[in-house]
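The values are calculated or read from the model by the stated rules, or taken from the named source; none is laboratory data. Just so it is clear, the structure is predicted and the values come from calculations on it, not from any experiment. Here the Cβ is made from the backbone with ideal geometry for all residues, glycine too, and neighbour counts use every protein chain on show. Remember, those area values only see protein heavy atoms, side chains included, never the ligands or the DNA or RNA. Shrake-Rupley method; radii C 1.70, N 1.55, O 1.52, S 1.80 Å.
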Amino acid sequence: AVAHALALAAEGADILDIGGESTRPGAPTVSEAEELARVIPVIEQLASQTEAALSIDTQKPAVAEAALAAGAVIVNDIAANRTEPQMWEIAATARAGYIAMHMQGTPQTMQDAPAYTDVVTEVHTFFEERLERFTEAGLDPEQVMFDPGIGFGKTVEHNLALLAGLERFTKMARPILVGASRKSFLGHLTGADTIQRLPGSLACACRAAAAGAAVVRVHEVKETAQALRVWAAVN
């Protein structure tokens with residue numbers, strides 16, 4: 001894991017997102033002890049070997065707290081729709097970056113029957129409401145970044161609507177992260193298997209950049225960096 005992360009940094013990754021629990025639709029949960037055993041040694045080693053910012057991808061406050069102590073500086077939280085403030089208080093105390101993602105349901109239930117009246121408006125409203133909750137928990141808005149949650153409790157049509165409506169989010173006061181790389185909706189659109197979805201992933205990354213997204217979360221760093229450099233050169 002450390003070698004792979006360093007290779008991604010060498011290819012141009014500015015942030016390395018370290019996770020020990022899969023959040024694919026229907027993925028089984030992982031115990032707190034197992035998740036800690038998977039991620040903390042990786043973060044500890046990377047902290048002294050790279051200048052890339054380290055992000056902990058977790059839903060568990062205790063894992064986030066340990067990861068921040070080990071050298072992570074960002075909490076990437078797919079469960080920002082939670083009601084208890086512990087995760088936000090941990091990020092606030094550590095002065096860490098906090099990525100709040102929109103998700104309808106949980107990884108185990110999110111793709112059962114996702115439904116929205118207007119997905120762009122509803123996700124936008126969620127972000128506005130969350131920012132108020134975060135502030136109440138002590139998080140400075142400057143610490144917060146939003147992720148519309150492509151593929152998390154969304155149909156193909158919902159994902160396309162969010163990509164088409166990204167400007168609605170990038171006009172907000174806080175930066176936006178877009179993670180569409182290799183997502184299943186690309187397979188539904190193109191028929192491509194997971195590892196064959198680079199072209200579709202690059203299209204999404206360029207769309208996110210065009211809309212003003214601050215960060216794209218990707219698998220193929222070298223190829224995406226090249227695509228975005230070309231995009232930037234002609235815009």
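Things worth noting here:
- Candidate set: region 29-40, residues that are of a type in the set (A, V, I, L, M, F, W, C) and crowded, with 17+ Cβ neighbours inside 10 Å; chosen: the one farthest from A94 (Cα to Cα): V30
- Verdict on A225 being touching a residue at least 24 places away in the same chain (Cβ under 8 Å), open to solvent by less than 10 Å² (accessible area, probe 1.4 Å) and either in a helix (DSSP H, G or I) or not basic (K, R) (or both): no
- Single match in G149, G153 (criterion: at pLDDT below 95 and surrounded by 23 or more Cβ atoms within 10 Å (Cβ to Cβ)): G153
- Scanning region 4-40 for residues that are in contact with a Leu (Cβ under 9 Å, 6 or more places away or on another chain), of a type in the set (A, V, I, L, M, F, W, C) and outside any helix (DSSP H, G or I) yields I15, L16, I18.
- Enumerated strands (runs of 3 or more DSSP E) restricted to region 41-134, each holding at least 2 residues that are open to solvent by less than 10 Å² (accessible area, probe 1.4 Å) and closer than 17 Å to A5 by Cβ: 53-57
- Which listed residue, of A211, A173, is touching a helix residue (DSSP H, G or I) at 6+ places or on another chain (Cβ under 8 Å) and at pLDDT 95 or above: A211
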